Amino acid sequence: MSGQTKDYSKYFIAPDLLQAKRRGKEEVQIVQFEQLPKELRSLGAGKKYLLQTYGCQMNVHDSETIAGLLEMMGYSSTEDEKEADLILLNTCAIRENAEDRVFGTLGRFKQYKLEKPDLILGVCGCMSQEESVVNRILKSYQHVDLIFGTHNIHRLPQLLQNALYSKEMVVEVWSKEGDIIENLPKVREDGLRAWVNIMYGCDKFCTYCIVPYTRGKERSRRPEDVLGELRELARKGYQEVTLLGQNVNAYGKDFEDLDYRFGDLMDDARKIGIPRIRFTTSHPQDFDDHLIEVLAKGGNLVEHIHLPVQSGSSEILKMMARKYDRATYLELVRKIKAAIPDVVLTTDIIVGFPNETEEQFAETLSLVREVEYDSAYTFIYSPRDGTPAAKMQDNVPLEVKRERLHRLNEVVNEIARQKNEKLRGEIVEVLVEGESKKNPEILSGRTRSNKLVNFSGPKHLIGQMVYVKIDQPQTWTLNGVWVEDQKVMVSGVSS
Ligand code: 5AD
Ligand code: SF4
């Protein structure tokens, strides 16, 4: 392959805060995805694809679009690496260990390529938006055939055609921050729960985070497109929809002709016959009173809010450029709890941000106790190339960070357990997803607040909304018994 001699730098925005903050508004276009030309519609006939997804729900949902495009081309899916004609890795760049896993997998596939030279190996997702990653692939993973970025997904059929007929590695990663492509095909993971993008990108530029560079600027889908998709999912019988965005609370801020924000969207979504509507993920800064007021109306808007705090120390929050301090966050939590008394709050926390002191870390512990999160995703800070925080000197040794993570997790788990204990003896509404991963005799599903529930019951309950009485709450899951004589009558509303 001769791809490695090319200069691909023109395809990228290397993480550059000043440049990225100059993002223009005028460039976003809404493009309708057109039917594929005939020659592309049969390109994958009789062939199998394997799609491996890393990272967040945004990536999981992108994979549904990728699968939709591949199936439009005639490909069918397989889980078996040996039988795949096409292997695509949809990657995550949020922390270093996510990237390490992908490079490990790419290394392992080298052997497959030798055994099966016609195999097409592709890399997409957030890692492919990083110039350093693409250069590393060009240099050390020359058996990769195709790299495409998060803004180029709709171009997959053409790119795949190029990869099939070209001897060179095909690389297409646009530095343009992205348009909105409507009408893309999707193969939804199941017929029960669906994800719907409401916006793309992020303009928050938290100093540790790579996302604003890999996902481009904030751009909202038009309300009529989002609501139209929700109505279609309702018609198809979906029971639960999660509205997706890196920062859903910024929804609509970029509309120049409309005064319509996330609260308005939720209020309109509330009137659509889908039993449960969730959203993720929200930034505390844009969480306004109107949204709280709408969420308090309940119904199909579930009482779970994921509200990443990242740190309990105002000084660290400032260094993270989170744009709120401890007091403002706690005030928001107070307002939410006052309006939605049974709300379940969850969060994301980073420990070991550069130069975090023991006192600052202790503030995170005390905030967790004060808010009483039902659960939290906790991470050790991982420097990301080109982000402002990666340039900061850091005097906190890794062992100290690990020990802080451990202490934090102990507190998070203790509170999670107490919270779940409160549900002992309670009857909760469960959307039954399937057999439990550990034991096929047991069914599992989720409450409105997204807690995992295991119970025994007949298989025909899968896909239904049922009631379960919790008798053994644990830290991570709730075990219970099916309440057979009680039926959930109305979508999202207890009978
Ligand atoms: N290091 C560690 N955690 C990070 N996150 C984002 N960037 C980093 C990083 N560089 C975490 C944040 C975010 C979640 C999705 O991942 O907590 O909310
Ligand atoms: Fe990253 Fe979220 Fe901050 Fe955006 S709001 S920069 S996605 S942590």
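Read-outs throughout are calculated quantities, based only on the coordinates presented, and are distinct from any laboratory measurement. Keep in mind it's a predicted model, so treat the numbers as computed, not measured. Counting neighbours? That spans all protein chains shown, and the Cβs are built from the backbone with ideal geometry, glycine included.
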Subject >> Pro223, sole failed condition from (1) out of contact with any helix residue (DSSP H, G or I) (no Cβ under 8 Å at 6 or more places or on another chain); (2) in contact (Cβ under 8 Å) with a residue 24 or more places away in the chain >> reply: (1)
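Between Ser444, Ser449, Ser456, Ser436, which is in contact (Cβ under 8 Å) with a residue 60 or more places away in the chain and of a type in the set (Gly, Ala, Ser)? Outline the logic, then answer.
Values: Ser444 fails: in contact (Cβ under 8 Å) with a residue 60 or more places away in the chain; Ser456 fails: in contact (Cβ under 8 Å) with a residue 60 or more places away in the chain; Ser436 fails: in contact (Cβ under 8 Å) with a residue 60 or more places away in the chain.
From the options Ser444, Ser449, Ser456, Ser436, the qualifying one is Ser449.
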**OP:** Answer yes if at least one residue in the range 285-296 is within 16 Å of ligand 1 (Cβ to nearest atom) and touching a Lys or Arg at 6+ places or on another chain (Cβ under 6 Å), and no otherwise.
**Re:** yes
Original post:
Restricted to the range 337-367, and to residues that are among the hydrophobic types (A, V, I, L, M, F, W, C) and under 18 Å from Lys451 (Cβ atoms), which residue is farthest from ligand 1 (Cβ to nearest atom)?
Top reply: Ile340
Subject >> Tabulated pairs, the range 189-212, first free of Cβ contacts under 8 Å to residues at least 60 places away in the same chain, second of a type in the set (S, T, N, Q) and within 11 Å of ligand 1 (Cβ to nearest atom), C-beta under 7 angstrom, 6+ apart or interchain >> reply: Gly201/Gln246; Cys202/Gln246; Cys202/Asn247
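Can we say Glu71 is of a type in the set (D, E, K, R) and more than 16 Å from ligand 1 (Cβ to nearest atom)? Please lay out each step first, then the result.
On the way: of a type in the set (D, E, K, R): yes; more than 16 Å from ligand 1 (Cβ to nearest atom): yes.
Yes, satisfied.
Just checking, which of Val368, Val396 is within 25 Å of the chain's Cα centre (by Cα) and buried (at least 18 other Cβ atoms within 10 Å of the Cβ)? Give the steps one after another, and end with the answer.
On the way: Val396 fails: within 25 Å of the chain's Cα centre (by Cα).
The unique qualifying residue is Val368.
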